[in-house]
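Asks: Before I ask anything, here is the structure I am working with.
No value in this document is a laboratory result; all are computed from the given coordinates. Given the structure is predicted, the values throughout are model-derived calculations rather than measurements. We place every Cβ from the backbone using ideal geometry, glycine too, and count neighbours over all the protein chains shown.
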Amino acid sequence: MVVPAVMLPVVGSLHGLRVHRPASVAEVLDLMEQYPEAQLVAGATWIMRAPMRAESLDGSVILLAGVAGLDECAVGDGAEFGAMVTLKRIAVATAGISSLQALHEAVSRAATPGLRRMITIGGSIAATEFHASDVLPALLCLDAEILRDRGLILGVRIPAADRVSCHERLTWRSGNEYSVATVSMSLLPTSGEIRVALGSVEQTPRRWTEVEQELTQGPLTPQRAEEVAKAHLNVLRPIAAPGIPADYRLSVIPTVLARAVGRLA
């Protein structure tokens with residue numbers, strides 16, 4: 001049943017926007033149904049740059065700050081983070097946990113210190129047009145599960161595993177908060193199972209399954225990893241950006257992967 005708009009918590013208007021502040025997931029879902037074009041706002045670091053991307057902010061926004069349960073953070077054998085948990089909180093919670101090292105390094109290096117206090121894990125997943133995310137490759141290599149309810153990202157669950165992992169990145173010299181290429185990698189020493197995830201190379205992060213499969217079939221060394229990566233560059237579709245040609249992204253990936261392997265092997 002849809003709750004009438006007048007009964008839902010509304011902050012008011014801001015620069016022509018109708019701003020809603022729900023207190024529960026149920027209220028968020030009701031608002032999403034009533035206002036299907038509404039923007040969901042987490043840390044707001046992506047949406048606040050909408051004018052720079054020539055995107056309109058007319059209509060309604062739904063603030064997720066204060067929604068019960070979305071700020072919960074639990075780290076044990078595995079880990080679970082609510083959508084509103086910031087990168088800074090995740091960095092603190094995962095410090096010293098070898099199985100989550102890839103995520104710890106990713107959230108500790110992403111953006112800038114000030115932004116890490118604002119950027120949320122849910123917002124990082126939802127910003128699908130931001131190809132330079134450090135967080136998503138780390139989640140991919142850790143087999144993370146995205147928790148959802150009817151399109152609303154509730155959080156992230158990472159299964160327990162006796163793995164070792166790391167996150168390597170090459171940054172753009174004139175804007176070192178953005179990555180040119182990232183490699184997140186995990187290894188299960190007992191089985192030899194490998195996960196390799198790429199970010200900042202294509203339009204969206206991805207697992208590099210061709211490289212994963214070949215790396216498991218021989219010695220895991222930096223030199224061999226570089227050779228394997230070069231042999232499978234043809235499956236990638238790199239994007240170009242001002243000052244960063246697509247071919248340059250491809251040329252550095254083997255080196256970044258070799259660095260990751262050197263840390264885990």
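Asks: If you add up the charges near Ser184, with Lys and Arg at +1 and Asp and Glu at -1, over every other residue whose beta carbon is less than 10 angstrom from its beta carbon, what do you get?
Replies: Net of charged neighbours comes to 0.
Asks: Kindly provide the chymotrypsin sites (Phe, Trp or Tyr not before Pro) of segment 159-219 that DSSP labels as loop, not H, G, I, E or B, and whose Cβ sees at most 13 other Cβ atoms within 10 Å.
Replies: The qualifying sites: there are none.
Asks: Compute the whole-percent fraction of alpha carbon pairs in the chain spaced more than 31 Å apart.
Replies: 30 percent
Asks: Mind pulling the angle between the C-alpha long axis of helix 222-231 and the longest principal axis of the chain? Nearest 10 degrees, somewhere in 0 to 90.
Replies: So the helix axis and the longest Cα principal axis differ by about 70 degrees.
Asks: Same structure again: Excluding Ala91 itself, calculate the net charge of residues whose Cβ lies under 12 Å from the Cβ of Ala91, where each Lys or Arg counts +1 and each Asp or Glu counts -1. Show your work: numbers first, answer last.
Replies: Values: positive: Lys88, Arg89, Arg109, Arg116, Arg117; negative: Glu105, Asp134.
So the environment of Ala91 carries a net charge of +3.
Asks: Picking from Ser108, Ser98, Ser133, which is most flexible by a Gaussian network model of the chain using Cα springs under 10 Å?
Replies: Ser98
Asks: Treat the count of other C-beta atoms within 10 Å as a stand-in for reagent exposure and order Thr190, Thr171, Thr182 from fewest to most.
Replies: Values: Thr190 9, Thr171 17, Thr182 29.
Placing the least packed residue first, the sequence is Thr190, Thr171, Thr182.
Asks: Next question. Along the Cα-to-Cβ line of Gln217, 7 Å from the Cα, sits a label point; which residues in segment 182-196 have backbone N less than 17 Å from it?
Replies: Only 192-196 pass the distance filter.
Asks: Now, a different point. If you stretched the chain out fully between Ile146 and Ile97, how much longer would it get, using 0.36 nm times the residue separation minus the C-alpha to C-alpha distance? The partial results should precede the final answer.
Replies: Numbers: separation 49, 0.36 × 49 = 17.64 nm, distance 2.08 nm.
My answer for the length gained is 15.6 nm.
Asks: Right, next: Can you give me the C-alpha center-to-center distance between segment 156-217 and segment 28-44, rounded to a whole angstrom?
Replies: 32 Å
Asks: Could you work out the local net charge near Pro222, counting Lys and Arg as +1, Asp and Glu as -1, over the other residues with Cβ closer than 12 Å to its Cβ? Each step should come with its number before you reach the end.
Replies: Working: positive: Arg224, Arg259, Arg263; negative: Glu168, Glu226, Glu227.
Once all neighbours under 12 Å are counted, the net charge is 0.
Asks: Please work out how much length the chain gains when fully extended from Val235 to Arg157, using 0.36 nm per residue of separation minus the C-alpha to C-alpha distance, in nm with one decimal.
Replies: Here the answer is 25.2 nm.
Asks: Can you give the calculated 222 nm mean residue ellipticity of the chain, where each DSSP H run of n ≥ 4 adds -39,500 (n - 2.57) and the sum is split over every residue, rounded to the nearest 500 deg cm²/dmol? Please report the intermediate quantities before stating the final value.
Replies: Details: 9 runs with 80 residues, N = 265.
Here the helix-only value at 222 nm equals -8500 deg cm²/dmol.
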